[in-house]
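All remarks here apply to the structure that follows.
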Amino acid sequence: MNKIKNFIFFITLVSLVYSCKTVTYIQPKRTDRIIKTAKGFQGTKYKRGGVDKNGMDCSGLVYASFLENGIKMPRTSLAQSNLGQEIPIKKIAAGDLLFFKTLNSNHINHVGIVVSNNQKNINFIHAAFEGVITSSIQEPYWNKAFISAKRIINAKNPNSNQPITHKVKAGDTLYEISRTYHTSVQNIKELNHLKSDKITIGMILKVL
């Protein structure tokens with residue numbers, strides 16, 4: 001009888017030891033994965049139109065970092081600025097996009113990805129002329145050039161695959177919209193069940 005009890009005790013003890021070694025893997029939020037991907041490009045040289053470690057520009061960094069994590073973005077900072085939910089500066093969080101007008105431009109021409117916000121300092125990673133670096137929005141140059149912040153990832157469901165949409169403005173055509181988002185007119189028509197090329201101001205079109 002004692003032998004049976006000792007055997008049961010031994011089996012129980014072994015089970016406890018092995019259960020302690022079990023590691024539960026928690027998948028990082030998509031925003032965390034995007035930031036990690038972007039940081040992997042740190043030090044990459046600047047190259048207009050580039051989207052990889054051979055060289056990239058600001059929107060190329062955003063494009064590559066999001067694409068690696070299942071989100072296809074437009075290829076220009078101006079087009080990227082048309083996406084997502086605008087966020088007040090006090091509520092900016094890691095993973096949000098910051099948009100700027102630099103070099104006296106009359107339209108948005110630069111973008112970065114927020115990597116941290118401790119309420120006193122908002123840091124973002126971006127591809128500047130000196131390469132992919134991390135800067136602070138508190139720096140005078142970037143503070144003056146800052147225009148807006150946008151949230152692309154749904155805060156309530158950061159792992160969801162949200163469609164990329166475009167709000168039709170005066171003068172927009174399907175052809176121009178398709179070129180902006182590097183897709184095809186046919187793809188936009190299929191996504192939105194359009195039977196013709198006719199669109200109206202204010203329509204929300206799925207583009208990717």
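Tell me the net charge near residue 95. Cut-off is 9 Å between Cβ atoms, residue 95 excluded, with +1 for each Lys or Arg and -1 for each Asp or Glu.
Local net charge: +1.
Here's the picture: charge each Lys and Arg Cβ at +1 and each Asp and Glu Cβ at -1 in the range 87-193, and of 181, 127, 97 the one pushed furthest to the positive end of that dipole is 97. Working note: Karplus 6.51/-1.76/1.60 with θ = phi - 60° gives the range 186-193 the couplings 4, 5, 5, 5, 5, 5, 10, 6 Hz, where Gly and Pro are set to x. Run down the aspartates and glutamates and flag those whose C-alpha is under 17 Å from the C-alpha of residue 101, throwing out any fewer than 8 positions away in its chain. Answer for residue 101, where 17 Å is the Cα cut-off: 57, 86, 139, listed by chain and number. With a/c under 1.5 counting as rounded, go ahead and sort the range 67-127 into rounded, prolate or oblate using the C-alpha gyration tensor (a ≥ b ≥ c being the square roots of the eigenvalues; past the cut-off, prolate if a/b is larger than b/c, else oblate). Oblate, because a/c is 1.5 or more while a/b does not exceed b/c. Sequentially through the range 50-63, phi angles give Karplus couplings (6.51, -1.76, 1.60; θ = phi - 60°) of x, 9, 8, 6, 7, x, 7, 9, 4, 6, x, 5, 4, 4 Hz, Gly and Pro residues having no value and appearing as x. Between residue 135 and residue 169, the distance separating the two model label sites (each 7 Å from Cα on the Cα→Cβ line) works out to 2.3 nm.
For the range 163-208, the Cβ-based charge dipole about the Cα centre amounts to some 80 debye (Lys, Arg positive; Asp, Glu negative; other atoms uncharged). Model label points for residue 48 and residue 102, set 7 angstrom from Cα along the Cα-to-Cβ axis, are 1.3 nm apart. Checking the cross-link pairs 91/169; 169/189; 90/144; 90/150; 29/167; 45/150 against a 20 Å limit on the alpha carbon distance flags 91/169; 29/167; 45/150 as lying beyond it. Does the range 77-182 come out rounded, prolate or oblate, given a ≥ b ≥ c as the square roots of the eigenvalues of its C-alpha gyration tensor, rounded meaning a/c under 1.5 and, failing that, prolate meaning a/b above b/c? In terms of gyration-tensor shape, oblate.
What the phi angles of the range 70-78 give under the Karplus curve with 6.51, -1.76 and 1.60, with θ = phi - 60°, is a coupling list of x, 10, 8, 9, x, 9, 10, 5, 5 Hz, glycine and proline written as x. Candidate cross-link partners of residue 206 among the aspartates and glutamates, defined by an alpha-carbon separation under 13 Å and a same-chain spacing of 8 or more, comprise 190.
Pull out a ≥ b ≥ c, the square roots of the eigenvalues of the alpha-carbon gyration tensor of the range 163-208, then state rounded if a/c is under 1.5, prolate if not and a/b is larger than b/c, and oblate in the remaining case. The shape class here is rounded.
Readers should treat all values here as calculations from the given coordinates under stated rules, not as data from a laboratory. None of these values were measured; they are calculated from a predicted model. All Cβ positions, even for glycine, are placed from backbone atoms using ideal geometry, and neighbour counts span all protein chains on display.
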